[in-house]
Each structure stands twice: as structure tokens, then as C-alpha cells.
Amino acid sequence: MKYMDSRELTLRGIVLGALITVVFTAANVYLGLKIGLTFGSSIPATIISMAVLRLMGGGTMLENNMVQTQASAAGSLSCIFAALPGLIMVGYWHEFPYFVSLLLTLGGGMTGVIFTIPLRRALVRNSDLPYPEGTACAEILRASSPEGDAESLRSLTKGTAVSAVVAFATSGLRILSDGVSAATSWGASAFRLDISFSLALLGTGYLVGIAGGIAMLLGVFLAWGIMIPVLGHLNPVADPLAATTALWLHKVRFMGAGAIAVAAIWTLLALSGPVAQGLKEALSAKHRASQDETDLDLAPRTLIGLSIILALILSGLFTQFLWPVMPHGASMATLVILGIVACFGLGFLVASACGYMAGIIGSSSSPISGVGIIAIIAISVALWGLESGGVLSPEQRPMVIAFGLFVLSAITASAAVSNDNLQDLKTGQLVGAAPWKQEVALLIGCAVGAIVIPWVLQTLYQAYGFVGAMPREGMDPTRALAAPQPALMAAIAKGILTHDLDWLMLEIGAAIGIVLVVADMLLKRRNLSLPPLAVGMGIYLPADVSVTIAIGAGLGWLLRRFPKDQGTMIASGFIVGESLVGVAVAAIVGATGSTETLSLYLPAILRSGLGWVVFLSVMFWFGRRISRQST
């Protein structure tokens, strides 16, 4: 039911969203370059927006939703850090040129918004995907509105408080372990099981459901119970236990990426009909005239005009990038066309896969880097084909590698925005928002984020440098930012164009993906399901993430005989509390440059024991509270 106060896209909301955007975007870029991880911005933006608008007076549920929509778009756009610094790492750039970086980020992000319009109908309106973070945001907005249910608000608040306390004790004070790991070896083979004590992941699993949880757990078993022991046996080392992480990082994750690629292609083929219908409806003025505002997207003329403008901007950027080093002629035109086809063709496929994965496990856990691997492989193979065909020469290879990373940066921005925006559109659907207004807010968020991101990248590079790429002599290499994702993308592009990439792991992963697709088809005949994409994510993601999501899914299945409303509120609260503390800790890390500022340095065995006790106690409290509320 739509909230009675119809104020939605307001000037003060846009200004507030822009201010939140600046802070969250800067924090995400810093954390991404430092440790390779970011925090989801939708939920913190929702909480901050509600608090500020309440102080200003007259804030509405729909206005709050627009603020978080705008802020989360920019927060997700910061994922361009996973590709753009690669240009410095390969030695092609020596700084981040502001306007080029701005326009590339803007063009990539806004194409992501365009892609979500037909995807909204296929993956949100006509889909039963859980969208954990989008659902959590909607529950926050509903419970905090004047018409919200008091009991639901109490459940949300208690879940948030419990999660915030546990998260602060874990990541801030460091008095609780963030997880546990058990490992054993048998000859040259090693077996390892990791469990995270993250309540946000537990809540995500509760919202994901049992099918997704089992699929991710199967992925963990394939990775850590079969693949890593087999690889260890085939490549014996003195300490097999110590080698497990390296095997997963450099071998098994590529298998996961191959499985994700096959599963994503199959998923998109299955969705081709609904997506095509969604695109047809989005471009139909007649269909638009017959729809209620809560199902209206941007007008077809606006959509087409914006697409043309973005294509021209990206074409100009690709031309400008190639102009100083590429002969002006058919070869340069071929590369520009390839870049545009990649951004709008491959980019749409990548955005669709990311959106679907976000619908399964949420934006924060969705493996953007895994899809980025698939994208850079596709781009690099196309460039290698042009070189083999004589369009490009081997002497142009450094420029070709850099151009591949440049195009990948736009695709990464597009995929990250689509990944997050569908969560926002799910929130909007649940609270009765107008999609076209959300899409305007998303475009504004991309514009604000694009203004901030190049400056943040350049500032961090000049202050710290990247591992293997320092801006000045005499800088402390121990303070250099690791930037793991762009280093990986650059290595893959080099490996393909120099014929050094190990394709075997990707091929094995693709074969696993085919088997999973067939298994899912057979299971569906018995009204069962094993989502191949979720299995691939279980292989690709860290084991502790997947295992804890599976535990949450199992807990939800055990409690299925009780009403789900309050369980959903508590699970949403778990996500909210940890997200808020994550933002606070990120701010402390950014201000001090250290992750140990608040640490109390308890012995590891004590931290581990306390972590187990707290995690199990919270699960018991969760189940007890749901069962009591149902009586």
C-alpha cells in the first residue's frame, strides 16, 4: 500500500543524498583499494536519511527511499576502483586525469541505470528473488513510518541493536573472533572449513531461503572439499595446510568464475523472454499510458535520448584515449566500435548477471570481481583476435592492454550500479515508490559519485601509491594500497594477450557449470531447485561467507512453521546493525590509517571461544523470539 504523503523526489532529499554520497563514496573507494572490500550503502543511507529528515520535519517514507536510492547508486559506483587503477599498474597512466575519469565513470554508471529499466520488470516486478538488502530497506522504511506496526519496529530495533553490539565488539574492539576455521591434511591434500560469525550474513541467509543456501553450501563443498584437496595432491608442497588459501585464490576462484559464466549465460537465456518483454514495454509509449505511476519507468524518448548521449560520450572517450598512440584510420575505428559494443552488449549481459546475483544474496556479497574476470577475458580475447587478424600489431600490445582495462572500467561501473539499483527498485516496489522517480534519483547519484571518485582516486594514489606503482621516489612501500582487483584484471589482460593465461581452471569451471545447469533442469521436474549461479558463487566467494549464509537459510527453514514477518524484521535488523557499524569503523580506519585503533588485544583462543558463544547465543535468541511471538 502506498504511503499517504506523496512527497517523494524533493530538492532537500536530492541535496541530502548528495552529501551522503560524498562520504560513502570516498570511504568505499579507500576500503576497496586497501583491502578489496566495500560496504553496502543502501541501509546506512536509509538510517541517516530518516534521522536527518525527521530533524528537518515532515520527512516521508517515500522521500527517505529516494535519498537512499541516490546515495546507494553513488556508493556502488565506487566499484570502478576494481578496474581503473589497472591503467596505472600497467604503466599506461601516471595519474588519474580528472575529466576523462569523471566522464568514464559517469558514462558507465548511467548505462547501468539504463540497463536496470528492462531488467526491473524481469527481475523485480515479475520475479520471486528475495533481494535481502532491498527487503531490509523496505522493512526499515515501513516500520519507521507513522503507519508502521509497533511490534515490527521493536523487532527491527532489537535485531539492529544486537547486531551492532556484536559487530562493534568484533571489528572495533576485537574482543570477539569474526569467525572460525578448521583444517586437516591427508598426505599432500588439505581440507578446510571456515565459518563467519557475521550476523549480517546470517540475516541474509534467512532472507535468501533454503534453495539458495543449499546451493551455496554445495559450492563450498566442491571448492574446499574436492577441488583444493585434489589440486594439493597433484601439486604437493611441504605444508599443504598453508597452501590452501593460495590454491583457492589462484586456481579455484577461476573455476568459480567459469561456473558463474556458464550459469549466468544459462540464466540470461532463461530470462531472455521476460527481459525482451520488459524492454518492449519500457520503449512503448502506449504501454506507458496504461500503467499506474507505481509501475512507470522513464519515458521512452528520455531513455532513447539518454542512451544515444551516453554512446556518444563513451565513443568520444575511447577515441580520445587512442588518439595519441593509434594511427587514425580503420584500426582505431574498429577499437572504438568494439568498445561501444562491449559497453552496451557485454555490459548488458554482465549487468543482468550481477542484478540476478544481487537478487539471490544481496549487493554486498555479490561477486562483482568474478563477473569482472569474465568481462576482461571476453574483451581481451576480442582484442587478441584483432591482433591475430592483423588489425593490430604486437608492438601495440601495451596500448591494447590498457584499452581493454579502460573499457572494463566502464563495464565495471555499469555492472556495479545495476547490481545495487535493482535492490533499490525492489525496495521501491515494496513501499509503493514510482520507478521513474527512483531512476532519476539513480542518475543523479551517478553524477554526484562521478564528480567525487576521480578526485578520491588521485588523492589516495598520491598519498599512498599502489603496490608496484608508486607516484614518487622515497615513498614508504609498506603503506601502499594493495588494490587487489585491478592488479588481477591487469594480470588477466596481459596473460591473454601474451598467451600466458592458464585456461584450464576456467574450462573446468565451465564444465562444472554445464553439469549444474543439467542437474537443475532435472531437479525442476520434481519441483526441486539447485540454482547453478548460487553454486558458482559458493565456489567463488570466501567459504565463510557462503557457509554462514547457508546456516541462516537453514535456520529460516527450521523456523518455517512460525510466522515469517517478525523473523524478516529481526534478520533485516541484523543486516542494518552490522552495516551501520561497518560505516563507523570504516570512518575510523580512514581517519587513523589503522585497523587496530580500538583493539583490546585479547588472546586469540579467548576471542574464538567468545565468538562461538555469542554467535550460538544470538541464533538461540533469534529462534526463541520468533517462536514466542507466534504464540
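The values are calculated or read from the model by the stated rules, or taken from the named source; none is laboratory data. Keep in mind that this is a model prediction, so the values were computed, not measured. Every residue, glycine as well, gets a Cβ built from its backbone with ideal geometry; the counts of neighbours run over all protein chains shown. Note: areas computed on protein heavy atoms with side chains; ligands, DNA, RNA excluded. Shrake-Rupley method; radii C 1.70, N 1.55, O 1.52, S 1.80 Å.
Structure above, values below:
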quantity: Alpha-carbon Debye profile of region 55-136, log10 I(q)/I(0) at 0.11, 0.16, 0.23, 0.26 Å⁻¹; calculated: -0.49, -0.84, -1.19, -1.32
quantity: More than 19 Å apart - percent of Cα-Cα pairs taken over region 482-540; calculated: 50
quantity: For the chain: relative contact order, % (alpha-carbon pairs under 8 angstrom, 6 or more apart); calculated: 35
quantity: Estimated inter-spin distance, ALA311 and THR459, nm [label 7 Å along Cα→Cβ]; calculated: 3.7
quantity: Given charges at beta-carbon only (K, R positive; D, E negative), |dipole| of the chain in Debye; calculated: 1020
quantity: Segment SER272-TRP621, length gained on full extension (0.36 nm per residue, minus Cα span); calculated: 121.3 nm
quantity: Square roots of five times the Cα gyration tensor eigenvalues for region 118-243, Å; calculated: 39, 22, 10
quantity: Candidates per GluC sites (Glu not before Pro) in region 390-473, loop by DSSP, up to 12 other Cβ within 10 Å; calculated: GLU473
quantity: Chymotrypsin sites (Phe, Trp or Tyr not before Pro) within region 439-508: DSSP coil, no more than 15 neighbouring Cβ in 10 Å; calculated: TRP503
quantity: Highest to lowest packing among 615-627, 230-242, scored as the average C-beta count within 10 Å; calculated: 615-627, 230-242
quantity: Gain upon complete extension [ASP178, LEU558; 0.36 nm per residue less C-alpha separation]; calculated: 134.3 nm
quantity: Farthest toward positive dipole pole in the chain [+1 Lys/Arg, -1 Asp/Glu at C-beta], among GLN458, THR592, LEU405; calculated: THR592
quantity: Burial ranking of peptide ranges 414-422, 168-176 (average Cβ count within 10 Å, highest at the top); calculated: 414-422, 168-176
quantity: Förster radius 25 Å - calculated FRET efficiency between ALA519 and HIS233 (Cβ-Cβ, nearest 0.05); calculated: 0.45
quantity: Cα convex hull of region 405-540 - mean projected area over all directions, nm²; calculated: 13.1
quantity: Span-like helix ranges in the chain, DSSP H, alpha carbon extent 27 angstrom or more, Kyte mean at least 1.6; calculated: 11-35, 300-322, 368-388, 504-524
quantity: FRET efficiency for ALA246 and ARG154, using Cβ-Cβ distance with R0 set to 56 Å, rounded to 0.05; calculated: 0.75
quantity: Selection from VAL162, VAL90, ALA264 lying farthest towards where the dipole of the chain points positive, charges on Cβ; calculated: VAL162
quantity: Cα-based equivalent ellipsoid of the chain: semi-axis lengths in Å, sorted from largest, via gyration tensor; calculated: 35, 31, 25
quantity: Rg and Dmax of region 373-426, Cα atoms only, in Å; calculated: 14.7, 49
quantity: Cα-Cα pairs of region 50-91 separated by more than 14 Å (percent); calculated: 62
quantity: Check: region 188-295 dipole with +1 on Lys, Arg Cβ and -1 on Asp, Glu Cβ, in debye; calculated: 280
quantity: Cα-based convex hull volume of region 402-475 per residue, rounded to whole Å³; calculated: 116
quantity: Segments 262-274, 216-228 sorted - mean Cβ within 10 Å per residue, highest first; calculated: 216-228, 262-274
quantity: Accessible surface of TYR30 - all protein chains present, 1.4 Å probe, nearest 10 Å²; calculated: 20
quantity: Charge dipole (region 101-244, unit charges on Cβ, about Cα centre) - positive-most of ALA183, TYR131, MET110; calculated: MET110
quantity: Calculated FRET efficiency for the pair ARG125/LEU602, C-beta based, R₀ 56 Å, to 0.05; calculated: 0.70
